[in-house]
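Take a look at the structure below.
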Amino acid sequence: MKRKPKDFLIAFLLVSGLLIFAGCGKVERYSMTDIAMGTVTNQTIYSKDGDLTLAVRDIMLELEQEELSWRIEGSEIAQINAAAGSGVYTPVSDRLYKELGILIKLSEDSGGAFDISIHPVAALWNIDAWAAGENLEEEENQAAEINLEEQTAEESTFLDKQQSVIIPSREQIALALSHTGYENLSLTDSSIMLPKDMALDLGAAGKGIACDRIAAYLKEQAVCGAVISVGGSVVTIGKKPDGTPWQIGIIDPRDTSSFIGILYLEGENFVSTSGDYERYVEVDGVRYHHILNPATGYPADSGVRSVTILCDSGILSDALSTACFVLGVEEGMALAESYGAQALFVDMEGNISMTDGMKQFFKEK
Ligand code: ADP
Ligand code: MG
């Protein structure tokens, strides 16, 4: 049977998902779910110029390998940590230098609730093992995501995983704490030096930094819009071809397969959530999670289950969400507002409170 030109067009639409909309011209939707930076990542890109998902993935891998990972020998952070106590300053790239400046300032502004030198304590708690690589495969199978564009429900969670955990002793925690303290870092205008046994961990800001890099890249490309999530940090840019707002689901901290509500956003936004459900273990009915109070060395106990920050910077949305989690509702709200950021808290009773500016974007379920 001879095919009419229209049949070809329909076949092409089905295979490639080509969309034609007046607002954006011709765009094609590309998506990818993957693992990077120790978490599940999800991309939806409405591109006018082919598939950019692999390039975005490379940005994350490069950031992790060359700059941020304390595990990967040769990364900038690993080199800085390896030189701790040597008395030698380690040169820092311009980018990392700028990021360290932002994070050290936040450490000060949060009264130490945020501390990039928390690593000795995080390592003692073995937080990394609570989110070890073998579980990530499992997570990927759950198609974990909070980006509603993908129409999936479950966020990365370690709910089912109860492993043998050794709670550190008070003495061990006190010793690890004595090796922390951002105020003990020595900085020149292009290098850094750590005292003996101190180590940096940018885990609380790395996914947000990735969102910044991805946004900068995609804005230079022929893209109508995109929404990318790196674990609990999400960036949106541009618009959806159908003109509807981006929808970012806020996970219910006690039923991580559902949302407490949705953020409806236009244009460029950075959204990060820190929650006690992301990485944790339970021992004797007590939940030990991965957000630590640098003042005590124990998981933060400020009466909140999760904090979501919305602002115009990825690094700040991520780092503020961690800082605000440690500070709790009242002080956290004040800190977020001092940064011009919007915040939404879920407390231990499941009550939601938020900055006034957040109210216009959030719709409770
Ligand atoms: P996630 O990494 O799950 O997105 P966060 O952004 O809140 O969650 O970061 C938590 C990670 O940051 C921890 O795994 C730990 O490595 C580090 N961290 C924990 N507590 C603090 C803190 N008070 N300040 C800075 N970093 C922290
Ligand atoms: Mg964070």
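So the values come out like this:
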read-out	value
Wholly enclosed strands (runs of 3 or more DSSP E) of the range 260-306 bearing at least 1 residues within 24 Å of Ala341 (Cα to Cα) and hydroxyl-bearing (Ser, Thr, Tyr)	269-275
Residues of the range 194-221 satisfying the condition of being away from ligand 2 (no atom under 16 Å from the Cβ), more than 12 Å from Ile315 (Cβ to Cβ) and open to solvent by less than 40 Å² (accessible area, probe 1.4 Å)	Leu194, Met198, Ala199, Ile214, Leu218
Filter pass, Thr244 being among the polar types (S, T, N, Q), in contact with a helix residue (DSSP H, G or I) (Cβ under 6 Å, 6 or more places away or on another chain) and in a loop (DSSP other than H, G, I, E, B)	no
Tyr280 vs. criteria in contact (Cβ under 8 Å) with a residue 40 or more places away in the chain and within 25 Å of Thr236 (Cβ to Cβ)	no
Lone unmet requirement of (1) more than 14 Å from ligand 2 (Cβ to nearest atom); (2) in a helix (DSSP H, G or I); (3) open to solvent by less than 10 Å² (accessible area, probe 1.4 Å) for Ala336	(1)
Output for the range 107-124, where each listed residue is closer than 17 Å to Ser274 by Cβ, among the hydroxyl-bearing types (Ser, Thr, Tyr) and assigned to a loop (DSSP other than H, G, I, E, B)	Ser110
Those residues of the range 238-274 which are open to solvent by less than 20 Å² (accessible area, probe 1.4 Å) and in contact with a Lys or Arg (Cβ under 6 Å, 6 or more places away or on another chain), in sequence order	Pro253, Gly261
Breaking point among (1) of a type in the set (A, V, I, L, M); (2) open to solvent by 20 Å² or more (accessible area, probe 1.4 Å); (3) without any contact (Cβ under 8 Å) to a residue 12 or more places away in the chain, for Ile102	(3)
For Gly261: the one exception among (1) more than 16 Å from ligand 1 (Cβ to nearest atom); (2) touching a Cys at 6+ places or on another chain (Cβ under 9 Å); (3) in contact (Cβ under 8 Å) with a residue 24 or more places away in the chain	(2)
Check on Glu62, modelled with pLDDT of 95 or more, surrounded by 16 or more Cβ atoms within 10 Å (Cβ to Cβ) and not polar (S, T, N, Q)	no
For Val230: the one exception among (1) hydrophobic (A, V, I, L, M, F, W, C); (2) open to solvent by 10 Å² or more (accessible area, probe 1.4 Å); (3) closer than 30 Å to Ala176 by Cβ	(2)
From the options Glu278, Glu282, residue that is surrounded by fewer than 18 Cβ atoms within 10 Å (Cβ to Cβ), closer than 24 Å to Thr39 by Cβ and modelled with pLDDT under 95	Glu282
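The values are calculated or read from the model by the stated rules, or taken from the named source; none is laboratory data. Please read all numbers here as calculations on a predicted model, not as lab measurements. Neighbour counts run over all protein chains shown; Cβ positions are idealised from the backbone, glycine included. Side chains included, ligands, DNA and RNA excluded: accessible areas come from the protein's heavy atoms. Shrake-Rupley method; radii C 1.70, N 1.55, O 1.52, S 1.80 Å.
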